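The values are calculated or read from the model by the stated rules, or taken from the named source; none is laboratory data. All figures in this text were calculated on a predicted structure; none of them were measured in a lab. Backbone-built Cβ (ideal geometry, glycine too); neighbour counts: all protein chains shown. Surface areas here come from the heavy atoms of the whole protein model, side chains and all, with no ligands, DNA or RNA. Shrake-Rupley method; radii C 1.70, N 1.55, O 1.52, S 1.80 Å.
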Amino acid sequence: MSTTILAIESSCDETSASVCVNGKILSNYIANQSVHEKYGGVVPELASRAHMQNIVPVVDTALAAAFPELNNTTDRLKQLDAIAFTQSPGLIGSLLVGTQFAKSLALTLNKPLIAVHHMQAHVLANLIGDDIPEFPFLCLTVSGGHTQIVLAHDPLNLEVIGETIDDAAGEAFDKSAKLLGLPYPGGPLIDKYAKTGDPLKFKFAEPQIPELNFSFSGLKTSVLYFLQKQETGFIEANLADLCASIQHTIITILLKKVKKAVQQTGIKQVCIAGGVSANSGLRASLQEMGQKHGWKTFIPKFEYCTDNAAMIAITAHYKYQAAQFASLDANPSARSH
Ligand code: KG4
Ligand code: ZN
(Lines give C-alpha, C1' and ligand atoms only; values in the text may rest on other atoms or scores of the structure.)
(Ligands and ions follow the chains in the order given, each with its own letter.)
Protein backbone atom coordinates (compact mmCIF):
# COMPACT_ATOMS: atom_id res chain seq x y z
CA MET A 1 0.00 0.00 0.00
CA SER A 2 1.33 3.43 -0.80
CA THR A 3 1.50 6.32 1.63
CA THR A 4 1.03 9.91 0.49
CA ILE A 5 2.03 12.74 2.81
CA LEU A 6 1.60 16.51 2.54
CA ALA A 7 4.27 18.38 4.52
CA ILE A 8 4.37 22.05 5.51
CA GLU A 9 7.43 24.05 6.59
CA SER A 10 7.02 27.55 8.03
CA SER A 11 9.68 27.84 10.75
CA CYS A 12 11.41 31.00 9.55
CA ASP A 13 10.98 33.09 6.42
CA GLU A 14 10.18 30.47 3.80
CA THR A 15 6.68 29.09 3.31
CA SER A 16 6.98 25.67 1.75
CA ALA A 17 4.82 22.63 0.97
CA SER A 18 5.77 19.24 -0.40
CA VAL A 19 4.06 16.00 -1.32
CA CYS A 20 5.80 12.65 -1.05
CA VAL A 21 4.67 9.12 -1.89
CA ASN A 22 6.51 6.30 -0.13
CA GLY A 23 9.45 8.62 0.52
CA LYS A 24 9.67 9.82 -3.09
CA ILE A 25 9.26 13.59 -3.43
CA LEU A 26 6.56 14.50 -5.98
CA SER A 27 6.67 18.25 -5.40
CA ASN A 28 8.50 20.80 -3.25
CA TYR A 29 7.28 24.36 -3.60
CA ILE A 30 9.02 27.20 -1.72
CA ALA A 31 7.85 30.82 -1.42
CA ASN A 32 10.58 33.18 -0.21
CA GLN A 33 9.76 36.36 1.67
CA SER A 34 11.50 39.40 0.23
CA VAL A 35 9.84 41.74 2.78
CA HIS A 36 12.77 41.31 5.23
CA GLU A 37 15.58 42.46 2.92
CA LYS A 38 15.39 46.13 3.81
CA TYR A 39 15.57 45.40 7.56
CA GLY A 40 18.85 43.47 7.45
CA GLY A 41 17.31 40.36 9.05
CA VAL A 42 14.06 38.45 9.46
CA VAL A 43 11.32 40.47 11.20
CA PRO A 44 9.23 37.85 13.04
CA GLU A 45 5.90 39.67 12.85
CA LEU A 46 6.28 40.30 9.12
CA ALA A 47 7.27 36.65 8.61
CA SER A 48 4.05 35.42 10.31
CA ARG A 49 1.93 37.73 8.19
CA ALA A 50 3.65 36.61 4.98
CA HIS A 51 3.11 32.95 5.95
CA MET A 52 -0.60 33.70 6.40
CA GLN A 53 -0.75 35.13 2.89
CA ASN A 54 1.37 32.40 1.34
CA ILE A 55 0.19 29.21 2.93
CA VAL A 56 -2.96 28.52 0.88
CA PRO A 57 -1.42 29.22 -2.55
CA VAL A 58 1.79 27.38 -1.59
CA VAL A 59 -0.09 24.22 -0.52
CA ASP A 60 -2.31 24.48 -3.59
CA THR A 61 0.71 24.76 -5.88
CA ALA A 62 2.47 21.79 -4.26
CA LEU A 63 -0.68 19.65 -4.59
CA ALA A 64 -1.20 20.68 -8.22
CA ALA A 65 2.42 19.87 -9.08
CA ALA A 66 2.17 16.47 -7.35
CA PHE A 67 -1.10 15.44 -9.00
CA PRO A 68 -1.27 17.13 -12.41
CA GLU A 69 -3.74 14.49 -13.63
CA LEU A 70 -6.36 15.65 -11.10
CA ASN A 71 -7.96 18.98 -11.87
CA ASN A 72 -9.22 20.22 -8.52
CA THR A 73 -7.94 20.68 -4.98
CA THR A 74 -10.64 18.51 -3.39
CA ASP A 75 -9.63 15.46 -5.44
CA ARG A 76 -5.98 16.14 -4.73
CA LEU A 77 -6.58 16.38 -0.98
CA LYS A 78 -8.33 13.00 -1.13
CA GLN A 79 -5.01 11.40 -2.10
CA LEU A 80 -3.42 12.29 1.23
CA ASP A 81 -2.81 9.78 4.04
CA ALA A 82 -1.22 12.17 6.55
CA ILE A 83 -0.38 15.85 7.12
CA ALA A 84 3.05 16.80 8.45
CA PHE A 85 4.31 20.12 9.80
CA THR A 86 7.41 21.65 11.38
CA GLN A 87 6.81 21.78 15.12
CA SER A 88 10.16 23.19 16.34
CA PRO A 89 12.53 25.01 16.51
CA GLY A 90 11.83 28.33 14.80
CA LEU A 91 10.03 31.64 15.13
CA ILE A 92 6.95 30.95 17.21
CA GLY A 93 4.57 33.08 15.13
CA SER A 94 5.78 31.47 11.92
CA LEU A 95 5.53 27.95 13.33
CA LEU A 96 2.00 28.68 14.55
CA VAL A 97 0.75 29.40 11.02
CA GLY A 98 1.99 26.05 9.65
CA THR A 99 0.89 24.16 12.76
CA GLN A 100 -2.64 25.53 12.75
CA PHE A 101 -3.00 25.00 9.03
CA ALA A 102 -1.79 21.38 9.26
CA LYS A 103 -4.05 20.67 12.23
CA SER A 104 -7.11 22.11 10.46
CA LEU A 105 -6.39 20.04 7.37
CA ALA A 106 -5.83 16.84 9.38
CA LEU A 107 -9.07 17.44 11.28
CA THR A 108 -11.09 18.18 8.13
CA LEU A 109 -9.70 15.21 6.18
CA ASN A 110 -9.72 12.96 9.25
CA LYS A 111 -6.10 11.97 8.62
CA PRO A 112 -3.21 11.61 11.07
CA LEU A 113 -0.95 14.51 11.93
CA ILE A 114 2.85 14.21 12.05
CA ALA A 115 4.99 16.73 13.98
CA VAL A 116 8.53 17.14 12.66
CA HIS A 117 11.69 18.58 14.24
CA HIS A 118 13.30 21.02 11.81
CA MET A 119 16.92 20.00 12.59
CA GLN A 120 16.16 16.31 12.23
CA ALA A 121 14.58 17.13 8.87
CA HIS A 122 17.70 18.99 7.67
CA VAL A 123 19.75 15.84 8.35
CA LEU A 124 17.21 13.52 6.70
CA ALA A 125 17.21 15.68 3.55
CA ASN A 126 20.19 13.44 2.73
CA LEU A 127 17.78 10.49 2.39
CA ILE A 128 15.98 12.08 -0.58
CA GLY A 129 16.90 10.54 -3.93
CA ASP A 130 18.75 7.41 -5.03
CA ASP A 131 22.34 7.89 -3.84
CA ILE A 132 21.79 8.03 -0.09
CA PRO A 133 23.97 7.19 2.94
CA GLU A 134 23.61 4.00 4.94
CA PHE A 135 23.25 4.10 8.73
CA PRO A 136 25.18 5.00 10.77
CA PHE A 137 26.44 8.20 9.15
CA LEU A 138 27.74 11.59 10.27
CA CYS A 139 26.10 14.86 9.29
CA LEU A 140 27.40 18.39 9.59
CA THR A 141 24.23 20.47 9.95
CA VAL A 142 24.91 24.14 9.31
CA SER A 143 22.06 26.63 9.19
CA GLY A 144 21.19 30.17 10.22
CA GLY A 145 20.43 29.11 13.78
CA HIS A 146 22.40 25.87 14.34
CA THR A 147 25.76 24.26 13.81
CA GLN A 148 25.88 20.61 14.77
CA ILE A 149 27.70 17.38 14.10
CA VAL A 150 25.11 14.64 14.23
CA LEU A 151 25.63 10.90 14.48
CA ALA A 152 22.64 9.35 12.72
CA HIS A 153 22.01 5.85 14.10
CA ASP A 154 18.74 5.49 12.18
CA PRO A 155 16.19 8.00 10.78
CA LEU A 156 14.51 8.44 14.15
CA ASN A 157 17.60 8.28 16.34
CA LEU A 158 19.95 11.20 15.79
CA GLU A 159 22.63 12.00 18.34
CA VAL A 160 24.17 15.48 18.47
CA ILE A 161 27.88 14.89 19.18
CA GLY A 162 29.08 18.47 18.69
CA GLU A 163 27.58 21.94 18.40
CA THR A 164 28.29 25.65 18.51
CA ILE A 165 28.70 27.33 21.86
CA ASP A 166 27.71 30.74 20.45
CA ASP A 167 26.91 31.85 16.87
CA ALA A 168 25.88 29.44 14.14
CA ALA A 169 27.88 29.09 10.90
CA GLY A 170 25.07 30.84 9.00
CA GLU A 171 25.27 33.75 11.43
CA ALA A 172 29.03 33.93 10.89
CA PHE A 173 28.35 34.32 7.17
CA ASP A 174 25.48 36.78 7.61
CA LYS A 175 27.15 38.94 10.29
CA SER A 176 30.44 39.12 8.37
CA ALA A 177 28.49 40.04 5.24
CA LYS A 178 26.77 42.83 7.17
CA LEU A 179 30.19 44.21 8.19
CA LEU A 180 31.07 44.24 4.48
CA GLY A 181 27.92 46.25 3.78
CA LEU A 182 26.13 43.37 2.03
CA PRO A 183 22.35 42.90 2.41
CA TYR A 184 20.66 40.06 4.37
CA PRO A 185 21.03 37.13 3.99
CA GLY A 186 24.70 37.65 3.24
CA GLY A 187 25.73 33.97 3.07
CA PRO A 188 24.86 33.44 -0.59
CA LEU A 189 26.52 36.78 -1.51
CA ILE A 190 29.78 35.90 0.26
CA ASP A 191 29.66 32.62 -1.68
CA LYS A 192 29.17 34.53 -4.95
CA TYR A 193 31.99 37.09 -4.45
CA ALA A 194 34.35 34.47 -2.98
CA LYS A 195 34.43 32.69 -6.33
CA THR A 196 36.83 35.26 -7.80
CA GLY A 197 38.78 36.00 -4.60
CA ASP A 198 41.95 34.71 -2.95
CA PRO A 199 41.02 32.60 0.12
CA LEU A 200 44.47 33.03 1.67
CA LYS A 201 44.77 36.81 1.21
CA PHE A 202 43.56 37.76 4.71
CA LYS A 203 43.88 35.79 7.94
CA PHE A 204 41.11 35.75 10.55
CA ALA A 205 41.07 34.21 14.02
CA GLU A 206 40.38 30.49 14.29
CA PRO A 207 39.01 29.47 17.71
CA GLN A 208 40.45 26.67 19.82
CA ILE A 209 37.35 24.94 21.16
CA PRO A 210 37.52 21.53 22.82
CA GLU A 211 35.85 18.30 21.66
CA LEU A 212 33.57 18.49 18.61
CA ASN A 213 32.15 21.91 19.47
CA PHE A 214 32.37 25.14 17.50
CA SER A 215 32.57 28.86 18.15
CA PHE A 216 31.99 31.61 15.60
CA SER A 217 31.57 34.79 17.61
CA GLY A 218 35.34 35.46 17.60
CA LEU A 219 35.48 35.43 13.82
CA LYS A 220 32.94 38.23 13.58
CA THR A 221 34.97 40.31 16.04
CA SER A 222 38.17 39.54 14.18
CA VAL A 223 36.61 40.71 10.89
CA LEU A 224 35.27 43.86 12.61
CA TYR A 225 38.65 44.86 14.13
CA PHE A 226 40.44 44.13 10.88
CA LEU A 227 38.05 46.32 8.86
CA GLN A 228 38.21 49.17 11.41
CA LYS A 229 41.97 49.45 10.81
CA GLN A 230 41.57 49.91 7.04
CA GLU A 231 41.15 53.08 4.98
CA THR A 232 37.97 54.21 3.23
CA GLY A 233 37.33 52.25 0.05
CA PHE A 234 39.21 49.15 1.30
CA ILE A 235 36.13 46.91 1.30
CA GLU A 236 35.10 47.88 -2.22
CA ALA A 237 38.63 47.36 -3.54
CA ASN A 238 39.06 43.97 -1.81
CA LEU A 239 35.52 42.56 -1.67
CA ALA A 240 36.24 39.28 -3.47
CA ASP A 241 39.40 38.55 -1.43
CA LEU A 242 37.62 39.44 1.83
CA CYS A 243 34.68 37.16 1.02
CA ALA A 244 36.98 34.33 -0.07
CA SER A 245 39.10 34.65 3.09
CA ILE A 246 36.11 34.79 5.46
CA GLN A 247 34.51 31.82 3.71
CA HIS A 248 37.78 29.89 3.82
CA THR A 249 38.07 30.49 7.58
CA ILE A 250 34.50 29.29 8.25
CA ILE A 251 34.99 26.17 6.10
CA THR A 252 38.31 25.37 7.81
CA ILE A 253 36.71 25.64 11.28
CA LEU A 254 33.84 23.37 10.20
CA LEU A 255 35.83 20.70 8.41
CA LYS A 256 38.50 20.38 11.11
CA LYS A 257 35.78 19.18 13.48
CA VAL A 258 34.24 16.90 10.87
CA LYS A 259 37.64 15.25 10.45
CA LYS A 260 37.91 14.85 14.21
CA ALA A 261 34.40 13.31 14.34
CA VAL A 262 35.36 10.76 11.68
CA GLN A 263 38.51 9.88 13.63
CA GLN A 264 36.58 9.53 16.89
CA THR A 265 33.67 7.47 15.56
CA GLY A 266 35.35 5.56 12.74
CA ILE A 267 32.32 6.39 10.57
CA LYS A 268 33.36 7.34 7.05
CA GLN A 269 30.04 8.32 5.53
CA VAL A 270 29.74 12.08 5.85
CA CYS A 271 26.77 14.26 4.89
CA ILE A 272 26.14 17.98 5.09
CA ALA A 273 22.80 19.70 5.61
CA GLY A 274 21.18 23.07 6.29
CA GLY A 275 21.27 26.41 4.51
CA VAL A 276 25.05 26.81 4.69
CA SER A 277 25.49 23.44 2.95
CA ALA A 278 24.39 25.32 -0.19
CA ASN A 279 27.79 27.06 -0.01
CA SER A 280 29.82 26.09 -3.07
CA GLY A 281 33.15 26.35 -1.22
CA LEU A 282 31.97 24.04 1.57
CA ARG A 283 30.52 21.55 -0.92
CA ALA A 284 33.78 21.44 -2.90
CA SER A 285 36.01 21.25 0.20
CA LEU A 286 34.00 18.41 1.73
CA GLN A 287 34.21 16.42 -1.50
CA GLU A 288 37.95 17.06 -1.73
CA MET A 289 38.46 16.03 1.88
CA GLY A 290 36.39 12.90 1.31
CA GLN A 291 38.54 11.89 -1.64
CA LYS A 292 41.71 12.55 0.31
CA HIS A 293 40.70 10.53 3.38
CA GLY A 294 38.60 7.81 1.74
CA TRP A 295 35.21 9.00 3.04
CA LYS A 296 31.97 8.67 1.13
CA THR A 297 30.40 12.13 1.08
CA PHE A 298 26.78 13.11 0.46
CA ILE A 299 25.57 16.58 -0.42
CA PRO A 300 21.85 17.35 -0.83
CA LYS A 301 20.55 19.09 -3.94
CA PHE A 302 20.44 22.88 -3.48
CA GLU A 303 16.66 23.00 -3.04
CA TYR A 304 16.92 20.56 -0.10
CA CYS A 305 19.67 22.54 1.70
CA THR A 306 17.91 25.78 2.61
CA ASP A 307 14.55 25.55 4.35
CA ASN A 308 12.11 23.41 2.39
CA ALA A 309 9.13 21.12 3.00
CA ALA A 310 10.59 18.11 1.16
CA MET A 311 12.86 17.47 4.14
CA ILE A 312 9.80 17.63 6.42
CA ALA A 313 8.04 15.16 4.10
CA ILE A 314 10.89 12.62 4.09
CA THR A 315 11.12 12.80 7.90
CA ALA A 316 7.35 12.36 8.15
CA HIS A 317 7.64 9.31 5.88
CA TYR A 318 9.84 7.56 8.48
CA LYS A 319 7.67 8.74 11.37
CA TYR A 320 4.57 7.40 9.58
CA GLN A 321 6.23 4.00 9.20
CA ALA A 322 6.96 4.01 12.93
CA ALA A 323 3.39 5.21 13.68
CA GLN A 324 4.74 8.31 15.43
CA PHE A 325 1.71 10.57 15.14
CA ALA A 326 0.90 13.83 16.90
CA SER A 327 -2.35 14.70 18.60
CA LEU A 328 -4.51 17.58 17.46
CA ASP A 329 -3.52 19.57 20.54
CA ALA A 330 0.19 19.48 19.59
CA ASN A 331 1.79 22.90 20.05
CA PRO A 332 4.75 24.43 18.23
CA SER A 333 7.85 25.38 20.17
CA ALA A 334 10.46 28.02 19.42
CA ARG A 335 13.13 26.00 21.17
CA SER A 336 14.90 22.88 20.05
CA HIS A 337 13.53 20.57 22.71
O1 KG4 B 1 18.66 26.26 6.92
P2 KG4 B 1 18.37 27.67 6.57
O3 KG4 B 1 17.73 27.95 5.24
O4 KG4 B 1 17.48 28.34 7.66
C5 KG4 B 1 17.61 28.07 9.00
O6 KG4 B 1 17.03 27.04 9.45
O7 KG4 B 1 18.36 28.83 9.66
O8 KG4 B 1 19.76 28.47 6.68
C9 KG4 B 1 19.86 29.84 6.40
C10 KG4 B 1 21.31 30.24 6.45
C11 KG4 B 1 21.53 31.74 6.35
O12 KG4 B 1 22.44 32.12 7.37
C13 KG4 B 1 22.15 31.93 4.97
O14 KG4 B 1 23.02 33.03 4.87
C15 KG4 B 1 22.90 30.63 4.82
O16 KG4 B 1 22.03 29.65 5.36
N17 KG4 B 1 23.20 30.32 3.41
C18 KG4 B 1 24.45 30.31 2.91
C19 KG4 B 1 24.33 30.01 1.54
N20 KG4 B 1 23.00 29.83 1.25
C21 KG4 B 1 22.33 30.02 2.42
N22 KG4 B 1 25.63 30.54 3.51
C23 KG4 B 1 26.73 30.47 2.74
N24 KG4 B 1 26.70 30.20 1.41
C25 KG4 B 1 25.54 29.96 0.77
N26 KG4 B 1 25.53 29.68 -0.54
ZN1 ZN C 1 16.66 25.41 8.50
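At a probe radius of 1.4 angstrom, the accessible area of region 16-86 per residue rounds to 48 square angstrom.
Applying both filters, DSSP loop and at most 12 other Cβ atoms within 10 Å, to the GluC sites (Glu not before Pro) of region 104-195 gives GLU134.
Axis angle, to the nearest 10 degrees, between helix 169-179 and the longest C-alpha principal axis of the chain: 60 degrees. For the chain, the share of accessible area belonging to carbon and sulfur comes to 52 percent (1.4 Å probe, ligands and nucleic acids excluded).
Over region 196-337, the reciprocal of the mean inverse Cα-Cα separation, the Kirkwood hydrodynamic radius, stands at 18.2 Å. Stretching VAL35 away from LYS259 to a fully extended chain increases their span by 76.7 nm, per 0.36 nm per residue minus the current alpha-carbon distance. Quick check on the chain: take the gyration tensor over C-alpha atoms, sort the square-rooted eigenvalues as a ≥ b ≥ c, and tell me if it's rounded (a/c under 1.5), prolate or oblate. Note, shape of the chain comes out prolate.
Sparse packing (at most 15 other Cβ atoms within 10 Å of the Cβ) combined with a DSSP loop state is found for the following trypsin sites (Lys or Arg not before Pro) in region 199-305: LYS201, LYS203, LYS229, LYS268, LYS301.
Each residue, ARG49 and ILE165, gets one label point 7 Å from its Cα in the Cβ direction; the gap between the two is 4.1 nm. With the simple spin-label model, which puts each label point 7 Å out from Cα in the Cβ direction, the LYS268 to LYS192 separation comes to 4.0 nm. Report the residues of region 149-175 in range of a label on ASP131: point 7 Å along Cα→C-beta, backbone N strictly under 16 Å from it. No residue qualifies, since no backbone N sits under 16 Å from the label point.
Taken one residue at a time, the phi angles of region 295-302 give Karplus couplings (6.51, -1.76, 1.60, θ = phi - 60°) of 8, 9, 10, 10, 10, x, 4, 3 Hz. Gly and Pro are set to x.
In the context of the full set of protein chains, region 238-337 has a per residue accessible area of 42 Å² (1.4 Å probe). Considering only THR249, THR164, THR108, the Gaussian network model of the chain with Cα springs below 10 Å gives its largest mean-square fluctuation to THR108. Couplings 3J(HN,Hα) for region 139-146, derived from phi with the Karplus relation 6.51 cos²θ - 1.76 cosθ + 1.60 (θ = phi - 60°), are 9, 8, 9, 10, 10, x, x, 9 Hz, where x marks Gly and Pro.
The simple Förster model, with R0 at 35 Å and r as the Cβ-Cβ distance, assigns GLN228 and SER280 a FRET efficiency of 0.75.
For ALA326, the residues 5 or more places off, or on other chains, whose built amide H falls under 5 Å of its own are LEU113, ILE114, ALA115. Reported to the nearest whole Å, the Cα centre-to-centre distance from region 259-294 to region 139-210 is 13. Just to be sure I understand: with springs between alpha-carbon atoms less than 10 Å apart, which residue in ALA326, ALA168, ALA102 has the highest mean-square fluctuation in the Gaussian network model of the chain? With Cα springs under 10 Å in the chain, the top fluctuation among ALA326, ALA168, ALA102 is at ALA326. Springs between alpha-carbon atoms under 10 Å, Gaussian network over the chain: tell me which of THR99, THR232, THR73 tops the mean-square fluctuations. Answer for the Gaussian network model of the chain: THR232.
By the Cβ distance rule (another cysteine Cβ under 4.7 Å), the unpaired cysteines of the chain are CYS12, CYS20, CYS243, CYS305. What FRET efficiency do you get for LYS201 and THR61 if R0 is 56 Å and r is their Cβ-Cβ distance, rounded to the nearest 0.05? With a Förster radius of 56 Å, E is 0.80. Residues in region 273-279 carry Karplus couplings, in order, of 7, x, x, 5, 6, 6, 5 Hz; the curve used is 6.51 cos²θ - 1.76 cosθ + 1.60 with θ = phi - 60°, and Gly or Pro positions show x. By the scheme Lys and Arg +1, Asp and Glu -1, what is the net charge of all other residues having a beta-carbon under 12 Å from that of ILE92? That sum, taken over residues with Cβ under 12 Å, equals 0. Using only Cα atoms, tell me the angle between helix 234-265 and the longest principal axis of the chain; keep it within 0 to 90° and round to the nearest 10. Roughly 70 degrees, rounded to the nearest 10.
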